[in-house]
Structures are given as structure tokens and as C-alpha cells.
């Protein structure tokens with residue numbers, strides 16, 4: 001029993017912090033609802049246009065609000081009460097989902113409406129996330145931050161694994177409009193939970209200005225461990241993320257079987273769920289920078305072998321291993337962010353982090369597709385995995401401060417411990 005407790009997902013933050021429980025549950029509900037809308041919108045755009053390019057453009061329209069909205073949202077989170085930000089942005093998401101439901105129920109739904117709504121719903125999301133994530137720093141005790149981060153990762157992995165499956169069933173049984181309506185309900189439920197969170201203290205003193213944003217960027221530049229963790233994540237996403245090649249891979253390796261394509265997309269999240277369920281050990285690891293780099297190397301190794309094998313079972317297993325490594329790296333990357341950032345800067349650092357995490361996959365798709373066009377799909381995957389491993393090795397030499405970082409010794413002073421509940 002003792003060994004099981006050592007590796008099992010640590011739920012102490014949920015047990016001891018009432019406000020973290022409310023925020024965690026609210027985020028989980030909206031994450032599930034958003035997955036439904038993401039799949040339903042892609043399905044509907046293709047249904048209305050018959051164009052795969054149009055479906056791809058649906059993702060493109062989110063890039064601008066994600067990048068700039070997250071940076072602005074970080075400054076807002078440092079200057080305003082985070083609970084109010086979350087409530088207002090969730091209200092915006094509710095309105096956007098309602099428009100999608102009305103459009104889907106119309107006799108002649110319009111594809112352009114979906115594009116416009118996605119732009120504004122993404123803007124609301126990008127303003128909300130820095131406030132939500134930075135709030136965790138003051139809702140749990142410092143020693144609980146790795147466990148709280150693992151709990152968040154568990155929610156995200158579950159939503160990404162089960163959401164597309166549920167969306168397909170709902171679209172087939174109740175239709176697009178009611179699928180969107182479930183997302184409307186998820187926003188309402190989240191707002192109800194967040195409403196009961198006690199007021200969250202404003203930790204920043206600067207206004208929402210270019211000066212405040214600039215101060216955040218200068219602080220990032222001065223903190224090697226923060227800068228290094230972001231660069232490490234970019235290396236993994238740009239060189240070791242072959243998701244854009246999955247359709248071509250299925251066509252070449254598995255006779256174009258669409259069911260296999262779905263399994264390839266789901267496999268990494270299955271691995272991340274297993275890793276999160278056994279993440280109790282993470283709270284006892286002080287060398288977060290080392291753990292982050294080792295996990296990304298594990299991702300690179302799994303992706304390299306994924307490009308070399310042919311069988312379905314071994315391919316899915318390697319993607320699951322990659323997903324587990326990604327979850328571990330995410331836990332330590334987010335723990336570094338929350339423990340190496342003082343409360344007055346937390347929102348801005350979360351905003352920068354979100355800008356990195358949302359642009360990295362797009363750059364990864366571009367890199368993988370370009371290399372595959374010049375060589376082959378398998379070669380692109382293998383070279384990407386090897387580049388990921390080599391990139392982390394170079395980073396470790398170039399930024400020894402990332403490797404030397406010890407959370408037990410080097411973490412900045414974090415906000416006072418929250419009241420129990």
C-alpha cells in the first residue's frame with residue numbers, strides 16, 4: 001500500500017483546498033464542452049464546404065487571438081481579480097457557443113458564422129487561461145503545486161481522449177445544434193462553480209499597459225530556468241510533433257484505414273492518462289529542470305522509434321509512451337513556471353507560456369510537413385525525434401541554470417498559504 005501511495009495521483013490539493021476544487025471542476029467541465037465544439041465545428045465546416053482546406057483555416061483563425069490575447073490576458077490577470085476575469089470570459093464563451101447552436105439549427109447554416117465565432121471564442125479563452133492557471137499558485141500551498149499541476153493535466157488528457165469520441169456520438173444521435181448546446185451548459189456550470197470561489201487577491205500592481213507587458217518579458221529574460229523551460233518545450237513541439245503527418249502515415253502504412261487514424265490521435269492521450277494516474281512521485285523530485293529535459297528526451301526517443309516501426313500495436317504503444325513523457329514534461333514545466341515566478345508576475349508569465357504552447361504545434365506541423373515533402377514521411381518523423389533529443393542536449397549545455405535548478409532551494413517566495421477548506 002505504501003508503494004501504491006507513492007506513485008498514485010496525489011489528490012491532496014483537491015482534499016485540502018475548497019477553492020482549488022471549484023476551479024479544477026469548472027475547468028474540467030468547460031474542457032469537455034470545448035472538445036465537443038471543436039469536433040462539431042470542424043465537422044460542420046466540412047459538411048457545409050466540402051473543403052479540407054476550409055477545415056484547416058478554422059485552426060488558422062485562432063492563431064492571432066491565441067498569441068496576442070494570451071499575452072494581454074496575462075497582464076490583465078496580474079492587475080484584476082482573477083475570479084471576475086474567469087466569470088466574464090466564460091460568459092463570452094457561453095455567448096459564442098449559443099451563436100453556434102442557433103446557426104446550426106437554422107435552415108441554412110452559414111460557414112462564415114463559425115469562423116467569426118471561433119475567433120471571438122478563442123479570444124475569450126486566451127484571456128481566461130492566464131487568470132485561471134495563475135490562480136492555482138495562490139489556491140494551493142507551494143509543496144502542492146506539482147500535484148495540482150498533475151491534476152490539471154489529468155483533466156486535459158481525459159477531455160482530449162474522450163471528447164472527440166463523445167462528440168461523434170452526439171453529432172450522430174442528437175445533431176449539431178444540441179451538441180453545441182451541451183457546451184453552452186458546460187460554460188454555465190463552470191460559472192456557477194467559479195462564483196463560489198472566495199475572492200482571489202490581486203498580486204500585481206502595474207496596470208494593463210505595454211510597460212507592464214515589457215516588464216514581464218524582461219523578467220522572463222532574467223530568469224534562465226523560465227526561459228530554458230519555454231525553449232525546451234518549443235524544441236519538443238517543433239521537432240518532435242508529427243501529428244500533421246498522421247493522415248499520410250495511415251495512407252502509406254495502414255491502407256488509409258480511418259479508424260487507425262483515430263487511434264493514432266488518441267494514443268498519446270491514453271499514455272498521458274496513465275502517467276498522470278501514477279504521478280505521485282513528482283512531488284518528491286526537486287530537480288525540475290533535469291526532470292523536464294529527461295522527459296522530453298523520452299518523448300524524442302519514442303517518436304524516433306515510432307518513425308522506424310510498421311506494426312499498429314507497436315506504433316500505438318510508442319505514441320502512448322510519447323504521450324506519457326509529454327505529460328511528465330508538462331507537469332515539471334508548469335511547476336517551474338509557478339515556483340520560479342513571484343505572484344506579481346504570475347499572470348504575465350502564464351500569458352507568455354500560453355503564447356509559446358499555442359504557436360509551437362503550428363510550427364511543428366510546418367516543420368514536419370516541409371521535411372516530409374523534401375524526403376519521406378518516415379524520414380521526417382525520425383529526423384524530428386533525433387532533432388528533439390539533440391536540441392535538448394544543446395540546451396542543457398547552453399543553459400546550465402536550467403539543469404541546476406532545484407525547486408526546494410531556488411523557488412521564489414510564493415504567496416501566503418491559502419486557508420484550508
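Criterion first (modelled with pLDDT of 80 or more, surrounded by fewer than 23 Cβ atoms within 10 Å (Cβ to Cβ) and either in contact with a helix residue (DSSP H, G or I) (Cβ under 9 Å, 6 or more places away or on another chain) or at positive phi (or both)) does residue 163 satisfy it? No; evaluated as a whole, the condition is false for this residue. Every condition in (1) buried (at least 24 other Cβ atoms within 10 Å of the Cβ); (2) under 30 Å from residue 284 (Cα atoms) holds for residue 121 except the one numbered (2). Starting from residues that are farther than 24 Å from residue 186 by Cβ and at pLDDT 85 or above, keep the ones in segment 8-36 and report whichever is surrounded by the fewest Cβ atoms within 10 Å (Cβ to Cβ). Going through the qualifying residues, I end up with 15.
If the condition is being without any contact (Cβ under 8 Å) to a residue 24 or more places away in the chain and not in a helix (DSSP H, G or I), then segment 78-96 contributes no residue at all. Being out of contact with any helix residue (DSSP H, G or I) (no Cβ under 8 Å at 6 or more places or on another chain), at pLDDT below 80 and assigned to a helix (DSSP H, G or I), is that true of even one residue in segment 226-246? No: zero hits. Of all the listed residues (55, 99, 39), the sole one being in contact with a helix residue (DSSP H, G or I) (Cβ under 6 Å, 6 or more places away or on another chain), assigned to a helix (DSSP H, G or I), surrounded by fewer than 20 Cβ atoms within 10 Å (Cβ to Cβ) and at pLDDT 95 or above is 99. Could you grab me the full set of residues in segment 264-281 that are more than 19 Å from the chain's Cα centre (by Cα) and crowded, with 18+ Cβ neighbours inside 10 Å? Residue satisfying the conditions is 280 alone. For segment 63-77, the count of residues that are in a helix (DSSP H, G or I), over 19 Å from the mean Cα position of the chain (by Cα), touching a residue at least 40 places away in the same chain (Cβ under 8 Å) and buried (at least 16 other Cβ atoms within 10 Å of the Cβ) is at least one. Among the listed residues 290, 297, which satisfies the condition of being at pLDDT 95 or above, surrounded by fewer than 24 Cβ atoms within 10 Å (Cβ to Cβ), touching a helix residue (DSSP H, G or I) at 6+ places or on another chain (Cβ under 7 Å) and under 21 Å from residue 275 (Cα atoms)? Checking each option against the conditions leaves just 297.
Checked against (1) at pLDDT 85 or above; (2) assigned to a helix (DSSP H, G or I); (3) under 30 Å from residue 259 (Cβ atoms), residue 310 passes all but condition (2).
Against the criterion of being over 30 Å from residue 47 (Cβ atoms), outside any helix (DSSP H, G or I) and at pLDDT 80 or above, residue 130 does not qualify.
Among the residues here, residue 327 qualifies as modelled with pLDDT under 95, closer than 24 Å to residue 390 by Cα and assigned to a helix (DSSP H, G or I).
Yes/no per residue for (1) touching a residue at least 60 places away in the same chain (Cβ under 8 Å); (2) within 21 Å of residue 378 (Cβ to Cβ); (3) not in a helix (DSSP H, G or I):
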| position | (1), (2), (3) |
| --- | --- |
| 251 | no, yes, no |
| 260 | no, yes, no |
| 274 | no, no, no |
| 314 | no, yes, no |
| 338 | yes, no, no |
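Residues in segment 328-335 include at least one that is farther than 23 Å from residue 135 by Cβ, in contact with a helix residue (DSSP H, G or I) (Cβ under 6 Å, 6 or more places away or on another chain) and in contact (Cβ under 8 Å) with a residue 40 or more places away in the chain. Taken as a whole, the structure places residue 352 among residues that are under 27 Å from residue 139 (Cα atoms), within 21 Å of the chain's Cα centre (by Cα) and either assigned to a helix (DSSP H, G or I) or at pLDDT below 80 (or both).
Of the residues making up segment 371-421, those that are at pLDDT below 90, assigned to a loop (DSSP other than H, G, I, E, B) and under 30 Å from residue 136 (Cα atoms) number 13.
Here segment 229-249 is the region considered, the condition is being in contact (Cβ under 8 Å) with a residue 40 or more places away in the chain and more than 19 Å from residue 301 (Cβ to Cβ), and the residue that is surrounded by the most Cβ atoms within 10 Å (Cβ to Cβ) is 229.
The values are calculated or read from the model by the stated rules, or taken from the named source; none is laboratory data. Please read all numbers here as calculations on a predicted model, not as lab measurements. Using ideal geometry, Cβ is built from the backbone for each residue, glycine included, and neighbour counts are taken over all protein chains shown.
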